[in-house]
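Below: one structure, written as structure tokens.
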Amino acid sequence: MGALAISSIEAVDPALVEAFKRAMGLTASAVTVITAGEGEAVRGLTATAVSSVSIAPPTLLICVNREGDAHRAISRAGAFCVNVLAEANQPVADRFAGRQGLTGAEKFQGADWSRLVTGAPALDGALVSIDCTLAESVEAYTHTVFFGTVRAVRLGPAAPPLIHFDRAYRSLA
């Protein structure tokens, strides 16, 4: 696994930062829960910063804040699972976003989880769970971009997706 660091931060106009936040908020995204680790060391976060990179080999990327517990879990485990959420999974999204005051392994309570190839938790009932081993990482300012080689894909039940748009959960209907 290679690592590259991008850390030069220049002064940025606060008005530009606010405009950028607003612009990104108007980019509709699938809501995911990214998980890693095992036992009491399991961690996860709600994220929309997920993208496919390549189909040969199947690879995706996730962007994770370096200050979070999930970042450390992904780095230590060398694997992660991206769980794409259905509308019915909104309570899971809220737990992993920190809206219920739970921390660490507590966030996994109240939902059923299983393991695919890497051992990272896969949410039962997610639209899809994509299990990856860590291939490369790039430190970029406050975040790390983790590139994952896909090891397993589990399709869940057909259901409406949970979408994030304009700072709120939305449905396609």
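Quick note: the coordinates plus some simple rules give every number you see, no bench work behind them. Note that the structure is a prediction, hence the values are computed from the model and not measured. Note that we place each Cβ from the backbone using ideal geometry, even for glycine, and neighbour counts take in every protein chain shown.
Things worth noting here:
- Low-density loop cleavage sites - chymotrypsin sites (Phe, Trp or Tyr not before Pro) in the range 134-173, where at most 12 other Cβ are within 10 Å (DSSP): 141
- Relative contact order computed over the chain (Cα-Cα under 8 Å; 6+ residues apart), in percent: 30
- Projected label distance in nm at residue 105 and residue 54, using a 7 Å step from Cα toward the beta-carbon: 3.6
- Taking other C-beta atoms within 10 Å as the exposure proxy, 61, 102, 172 rank 172, 102, 61 from fewest upward.
- Neighbour counting of Cβ atoms within 10 Å sorts the residues 55, 34, 62, fewest neighbours leading, into 55, 62, 34.
- Exposed trypsin sites (Lys or Arg not before Pro) absent: longest stretch of the chain, with sites in DSSP loops and at most 12 other Cβ within 10 Å deemed exposed: 1-98
- The range 142-171 and the range 54-117: distance between their alpha carbon centers, rounded to Å: 10
- Each residue of the range 88-98 is assigned a 3J(HN,Hα), and the resulting list reads 5, 8, 4, x, 5, 4, 4, 4, 6, 8, x Hz, derived from the Karplus form 6.51 cos²θ - 1.76 cosθ + 1.60 (θ = phi - 60°), x at Gly and Pro.
- Here's how it looks for residue 66: its modeled amide H is under 5 Å from those of 143, 144, which are all 5 or more places away or on a different chain.
- Cut-off 12 Å between beta-carbons: net charge of the residues surrounding residue 96, Lys and Arg +1, Asp and Glu -1: +1
- Over 21 Å [Cα-Cα, the range 2-170], rounded percent: 47
- Selected from 111, 79, 120 as most flexible by GNM, with the chain as the system and alpha-carbon contacts under 10 Å: 111
- Its DSSP H runs of at least 4 residues, each contributing -39,500 (n - 2.57), put the calculated 222 nm mean residue ellipticity of the chain at -4500 deg cm²/dmol, to the nearest 500.
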